[in-house]
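Encoded as structure tokens, the structure appears first; notes follow it.
Throughout, read-outs are computed from the coordinates displayed, never taken from laboratory work. In this text, all values refer to a predicted model and were calculated from it rather than measured experimentally. All Cβ positions, even for glycine, are placed from backbone atoms using ideal geometry, and neighbour counts span all protein chains on display.
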């Protein structure tokens, strides 16, 4: 497969870049762990003052933190570096050389620069989700007095589908935002709103006042990739709802592709 | 001397004014987490009446006041200075007959702050409309002592920030060090949660550390929550930290400059 081979090459190149700065990579991982510590202390303080946050127990918030870090990792390892490279390439015209390459331009723009060490966050995020689920199961067992199964296979599958479609929606929003640069060249703060609101994914969207909840559900749908998958895992969502969210993910991706194509047609180049 | 500061102010004000578009970006980024914490804690307070004696309104007023205090005491020295040390452009500033950090960098910090504050005020008013806080406990008598407290907080933050930034004379990884400092500040300044809700150990440490002057102490003063008998000793502690920070800065600056002249030129 062409795309897989390209991804493989991108990973190899980026791994070489990372290996040139070994100590920095190590320091970055340590700082990452430190922030995880701060986040866990935060949860500890919250739950030493209350049993539940808007109906969510400590285990569920640990899992949510895992999902949040997963989304955050995708952003930090792929999306932000790609944005930086893209914005520069529109301004100085090097985008022309990307467009004439014999591969999908959106694919090249999205995945040619990957911060490899962030992959470490992936393991950490999955770990948090699993640990959180076990904590919730234990809580439940101590409440009802019987050993509850952690979660059903169906809700686990639903969770994975929801994470994927949530990530797809965010990716599509990003594609639209950077494609706007084709029309408005000076629009290089294009992803700020996404970056700024990302932090709200750390806690369940149900905690926020209505105006903020509307923003992060419909306008900049961070919640779609964080809160909603967790609700799926808790078994709050019906199968139909899961399918709807899947449809939303695919539909937004198709829209984003059209906007991207229109943008590329609009682009007149800056290098010559 | 005043005229020198005035000239620096003019230059830095216009310099910051150029980047006003980036400013909105910075504000959006920086506003989100206090609003998130506000939402989290008011949700808890509403569900059980109060948390550790604090009602939902106490949290709303705390975080809304925090937005103002944080702007006023924050310090961006690492972004203004670290790259100049690393690429050597500091040399041109060293030629001037005044201390570059205590004039140029300081005034640039304040110019940035003034600009951020101008943009913050309308946003803050919108947040007040949205959250409807009851600010009846704030009086002139509670705001007046907060003014020197905020200046003290900024003074300490600026000098400690400058001290850490000067580590750039020795290492290229100064941004990692300041990130560690930011994490400590989040925990111990009251940025995350009013300190009285922290675990006892952190509270006891925080009572002696300088971070409380960035947020918790001035905010509590404005809200009239500091017991009158402790105000004087807190100010004394703050002044002591200011002196320590100044001494540290002087020391590291002198030693750093020696290194700079030996490798920079």
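Would you mind classifying region B:132-193 by shape? Square roots of the alpha carbon gyration tensor eigenvalues, ordered a ≥ b ≥ c; an a/c under 1.5 is rounded, otherwise it is prolate if a/b is larger than b/c and oblate if not.
Here region B:132-193 falls in the oblate category.
Which residues in region A:36-53 have a backbone N closer than 13 Å to a point placed 7 Å from the Cα of residue B:47 along the Cα-to-Cβ line?
Only A:46-53 pass the distance filter.
Using a 10 Å cut-off around each Cβ, can you sort A:129, B:138 from fewest to most neighbouring Cβ atoms?
Taking fewest neighbouring Cβ atoms as first place, the list is B:138, A:129.
Run the quick spin-label model on residue B:141 and residue A:131: label points 7 Å from Cα toward the beta carbon, then report their separation in nm to one decimal.
4.9 nm
Calculated FRET efficiency, residue B:259 and residue A:107, Cβ-Cβ r, R0 35 Å, to nearest 0.05?
Efficiency, from the Cβ-Cβ distance: 0.15.
Once you sort the root eigenvalues of the Cα gyration tensor of region A:2-266 as a ≥ b ≥ c, which label holds: rounded (a/c under 1.5), prolate (a/b larger than b/c) or oblate (the other case)?
prolate
For the residue pair residue B:7 and residue A:3, what label-to-label distance in nm results when each label sits 7 Å from Cα along the Cα-to-beta-carbon direction?
Going from the residue B:7 label point to the residue A:3 one covers 6.2 nm.
Show that you can apply the helix-only estimate: for the protein assembly as shown, add -39,500 (n - 2.57) for every DSSP H stretch of four or more residues, divide by all residues, and state [θ] at 222 nm to the nearest 500.
Helices in the protein assembly as shown give a 222 nm mean residue ellipticity of -24000 deg cm²/dmol.
Quick one: helix B:20-48 against the long Cα principal axis of chain B, what's the angle to the nearest 10°, folded into 0 to 90?
The two axes meet at around 30 degrees.
Quick one: order B:258, B:234 by neighbouring beta-carbon count within 10 Å, fewest to most.
Starting with the residue having the fewest Cβ neighbours, the order is B:258, B:234.
How would you order A:89-98, B:128-137 from highest to lowest mean count of nearby Cβ atoms within 10 Å?
A:89-98, B:128-137
When only Cα pairs under 8 Å and 6 or more residues apart are kept, what is the percent relative contact order across chain B?
26 percent
Label region B:4-87 by shape, choosing from rounded, prolate and oblate, from the square roots a ≥ b ≥ c of the eigenvalues of the Cα gyration tensor; if a/c is under 1.5 it is rounded, and otherwise prolate applies when a/b is larger than b/c, oblate when it is not.
The shape class here is prolate.
For residue B:247 paired with residue B:177, estimate the spin-label separation in nm (one decimal), with each label point 7 Å from Cα along the Cα-to-Cβ line.
For residue B:247 paired with residue B:177, the spin-label model returns 2.0 nm.
What FRET efficiency comes out for residue B:125 versus residue B:29 if R0 is 25 angstrom and r is the Cβ-Cβ distance? Round to the nearest 0.05.
The calculated FRET efficiency here is 0.80.
Angle check, please: helix A:119-144 long axis (alpha carbons) against the longest principal axis of chain A (alpha carbons), in degrees 0 to 90, nearest 10.
Taking Cα atoms only, the helix is inclined about 20 degrees.
Using the 2.2 N^0.38 Å rule of thumb for compact globular proteins, work out how region B:2-263 stacks up: its C-alpha Rg over that value, please.
On the way: Rg = 19.3 Å, N = 262, 2.2 N^0.38 = 18.3 Å.
Expressed relative to 2.2 N^0.38 Å, the Cα Rg reads 1.06.
How many partner chain Cβ atoms sit within 10 Å of a residue's Cβ in peptide B:50-56, on average, as a whole number?
1
Relative to the present Cα-Cα distance, how much length would full extension add between residue A:25 and residue A:189 at 0.36 nm per residue of separation?
Extending this stretch completely gives an extra 56.3 nm.
Could you tell me the distance between the Cα centroids of region B:60-96 and region B:116-158, to the nearest Å?
For region B:60-96 versus region B:116-158, the Cα centre distance is 20 Å.
In which sequence would B:192, B:59, B:182, A:10 go, from the one with the fewest C-beta neighbours within 10 Å to the one with the most?
B:182, A:10, B:192, B:59
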